[in-house]
Amino acid sequence: MILTRPLLAALALIASLGAAAADVVATDILGREVHLPEPARHIVLGEGRHLSVLGLIHDDPVALVSGWRLDKALDEPTMRAYREKFPAIDAIRPIGSGNRDISAEAIIALHPDLVLLTLIDQKDPGMEVARRQIEAAGIPVAYVDFFSHPQENSIPSLRILGKLTGAEERAEEFATFYESRLDRIRDRLAVPGITRPRVFFHVHAAAQNCCSTVGTGVFHDFITTAGGQNIGNDSVKGVLGNVSLEYLIGADPDVYIATGGTHMAARGGLVLGSGVDAQTARASFDRLISAPGFSSLRAVEQGRAAGVWHLFNDSPVHIALIEYLAKTFHPDLFEDVDPLATLAEINARFSPVIVPGTWWVTPEQ
């Protein structure tokens, strides 16, 4: 849809009238002030997975969502769990499907009272054009981030969502839960003299085309917080990079961690996560660490190897992964910590649905 100058002026006037009457004000993750006349009840999600995040602070998040972009959509097992409880999920309208693709026309036609975009969107010139058109139509836009810098931005973003949707108390309850568990890890690791094991993090793990790993950012932050040293940081500049199997063998890490998901089935890699049973996850992990090169790693021979679900990186639920890593790196220090119990508590206290799956795996003893 082409937005003419008179139409944009009229929409801007409507927007200014709305702002003048606003009684809900929040500062988004980019520091932009967002005004709403009342808590949002018709939201468009720029990322489909954020429905699960809304579910941490609302009993029926589906009722709040009018449209969503299918980029980074809910995976099928999660979608199935939501559909079973909330059949109305199938009425949510798509507003774009490709990477960073969004339709301002489709969004405006839905008349939402809030559009949520992500930090990644802010860096895309095309998305900026769409954002300006949406705001010119009088529709507020707020940015959140659970993906680019999850440790730094997840809880502030959750509080922003709480403020904008009238769920501040629920957001604060989750924040208290999250921060108490993070503080427990940090407090125990603050004891002087603790040796931090050298960790190799093999992302999207498969025995072929070894090995993609992390230099900075999301998983590096998780490893460091959990008391490990990310050896990928020595050789990879940026968030992701590749090293050879020879490099991995020569690096001789103390701990080997692989990430995977259902997307790795077609590549013969590590399969685990939502909808995956424990037997399937164990079999794929055993194939990975039995492959030539991997089987001779000291970490594998000594049983200091594990596989974890890659998509922990896009939800505050990643606190359970940090606990799992801390327990793997320092089993004596975190013997009493139970990441599965943490997930169970999140499901019981916060999530409206339970998605079955296998979230981590170790070699068969």
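The values are calculated or read from the model by the stated rules, or taken from the named source; none is laboratory data. It should be emphasised that the depicted structure is a prediction, and the values quoted were computed from it without experimental measurement. All Cβ positions, glycine included, derive from the backbone under ideal geometry; neighbour counts span all protein chains shown. What goes into the accessible areas is simple: the full protein's heavy atoms, side chains included, and nothing from ligands, DNA or RNA. Shrake-Rupley method; radii C 1.70, N 1.55, O 1.52, S 1.80 Å.
Observations
- Taking 21 Å as the straight-line reach from the Cα of Lys237, the lysines in range (excluding those fewer than 8 positions away in the same chain) are Lys123.
- Environment charge at Lys85 (Cβ cut-off 13 Å; Lys +1, Arg +1, Asp -1, Glu -1): -2
- Debye equation applied to the C-alpha atoms of the range 284-333, log10 I(q)/I(0) at 0.30 Å⁻¹: -1.06
- Partner lysines whose Cα lies under 24 Å from the Cα of Lys85, excluding those fewer than 8 positions away in the same chain, are identified as Lys72.
- Solvent-accessible area per residue in the chain equals 43 Å², computed with a 1.4 angstrom probe and all protein chains kept.
- Dipole moment magnitude, nearest 20 debye, the range 217-309 about Cα centre, only Lys, Arg, Asp, Glu C-beta charged: 180
- Using alpha-carbon coordinates, inclination of helix 278-290 to the longest axis of the chain, degrees: 60
- At 1.002 mPa s and 20 °C, Stokes diffusion of the range 204-337 via Kirkwood alpha-carbon radius, µm² per second: 142
- Counting 0.36 nm for each residue step from Leu340 to Val25 and taking away their Cα separation leaves a gain of 109.7 nm.
- Remark: relative contact order (the chain) = 16 percent; criterion is Cα-Cα distance under 8 angstrom and separation of 6 or more residues.
- 0 to 90° range, to nearest 10: angle between helix 319-329 axis and the chain longest Cα axis: 10
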